[in-house]
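The values are calculated or read from the model by the stated rules, or taken from the named source; none is laboratory data. Predicted model, so just to flag it, every value in this text is computed and none were measured. Note that each Cβ is placed from the backbone with ideal geometry, even for glycine, and that neighbours are counted across all protein chains shown.
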């Protein structure tokens, strides 16, 4: 029994040393790339502050420490170029460990890589920064709220939350109103959201956004779907397309780099790819009674 315990202790110690070595390597790489990161950052974010955010993310997520340096740096650069703070309480963006499938020779192997993910608040920020929307919002609908919607030739969306005893969440909706006067909205039931999550991100992981903040992930899911149909500029569309991607080719404009997430034989640890579905007709005009952010 003593020998078995000693053997386990040696294995644990070896794993801890390997993990610490990888973490130091990523930190050194980050320091070396500070010049490029500084060029990508907006004026409101200093390279020193941004580096501290990423260092904190590395220290608090063991799986992130195991990611390949190239994918880690690719995710860091994507967040920097979009001006989104990664892995902070603001919820703008996240550096996510992801078991990607890579083909080496004739075999597919699992490789832990870093996926860049836009958060719910980051998506809102990017939409407003586009300068083309006057309102963009996503809300959770509770059983006792007054909620009514209708698609078709005369679509409408009415939401009046009850102040007390709202009951359980039954649905989520997202809407936008452009400065030119266009409207659009999308409604997904709680069951739709759960089915979406189970189809594209099955299982549980304590670092997954679906585990740590289901409500925010649900809002992001419905908002991302709705904004795909918003008449916004190509820069915004490209930024949204960068969500949930793995990129290892560091370029001055990361949004133009191809996603290297392999959809075959992948065991993900966080949020999903987009479902292939069409919205009902009449997305562009709606009678909407908006309500402020919950978060």
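Observations on the model:
- For segment 65-76, taking the residues that are part of a helix (DSSP H, G or I) and buried (at least 23 other Cβ atoms within 10 Å of the Cβ), the one that is nearest to the chain's Cα centre (by Cα) is identified as 75.
- In segment 197-223, the residue that is nearest to residue 98 (Cα to Cα) out of those that are surrounded by 21 or more Cβ atoms within 10 Å (Cβ to Cβ) and modelled with pLDDT of 85 or more is 217.
- Any hit, segment 97-110, residues being assigned to a helix (DSSP H, G or I), in contact with a helix residue (DSSP H, G or I) (Cβ under 7 Å, 6 or more places away or on another chain) and surrounded by 16 or more Cβ atoms within 10 Å (Cβ to Cβ): no
- Set side by side, the residues 163, 157, 186 differ, and just one is crowded, with 21+ Cβ neighbours inside 10 Å, out of contact with any helix residue (DSSP H, G or I) (no Cβ under 8 Å at 6 or more places or on another chain), farther than 20 Å from residue 93 by Cβ and modelled with pLDDT of 90 or more, which is 157.
- Flag for residue 125 being out of contact with any helix residue (DSSP H, G or I) (no Cβ under 6 Å at 6 or more places or on another chain) and closer than 25 Å to residue 89 by Cβ: yes
- Residues being in contact with a helix residue (DSSP H, G or I) (Cβ under 9 Å, 6 or more places away or on another chain), within 12 Å of residue 27 (Cβ to Cβ) and surrounded by fewer than 21 Cβ atoms within 10 Å (Cβ to Cβ) - total across segment 44-56: 2
- Checklist (1) assigned to a strand (DSSP E or B); (2) more than 14 Å from residue 227 (Cβ to Cβ) applied to residue 195, failing item: (1)
- Taking the criterion of being over 26 Å from residue 178 (Cβ atoms) and at pLDDT 95 or above, the residues of segment 99-144 that qualify are 142, 143, 144.
- Among the residues of segment 82-94, those identified as touching a residue at least 12 places away in the same chain (Cβ under 8 Å) and either over 18 Å from residue 48 (Cβ atoms) or assigned to a loop (DSSP other than H, G, I, E, B) (or both) are 82, 83, 84, 85, 87, 88, 90, 91, 92, 93, 94.
- Filter result (in a helix (DSSP H, G or I) and in contact (Cβ under 8 Å) with a residue 12 or more places away in the chain) within segment 236-251: 236, 238, 239, 240, 241
- Within segment 218-235, the set of residues being part of a helix (DSSP H, G or I) and over 15 Å from the mean Cα position of the chain (by Cα) comprises 226, 234, 235.
- Scanning segment 116-143 for residues that are part of a loop (DSSP other than H, G, I, E, B) and either in contact with a strand residue (DSSP E or B) (Cβ under 7 Å, 6 or more places away or on another chain) or loosely packed, with under 14 Cβ neighbours inside 10 Å (or both) yields 119, 131, 132, 143.
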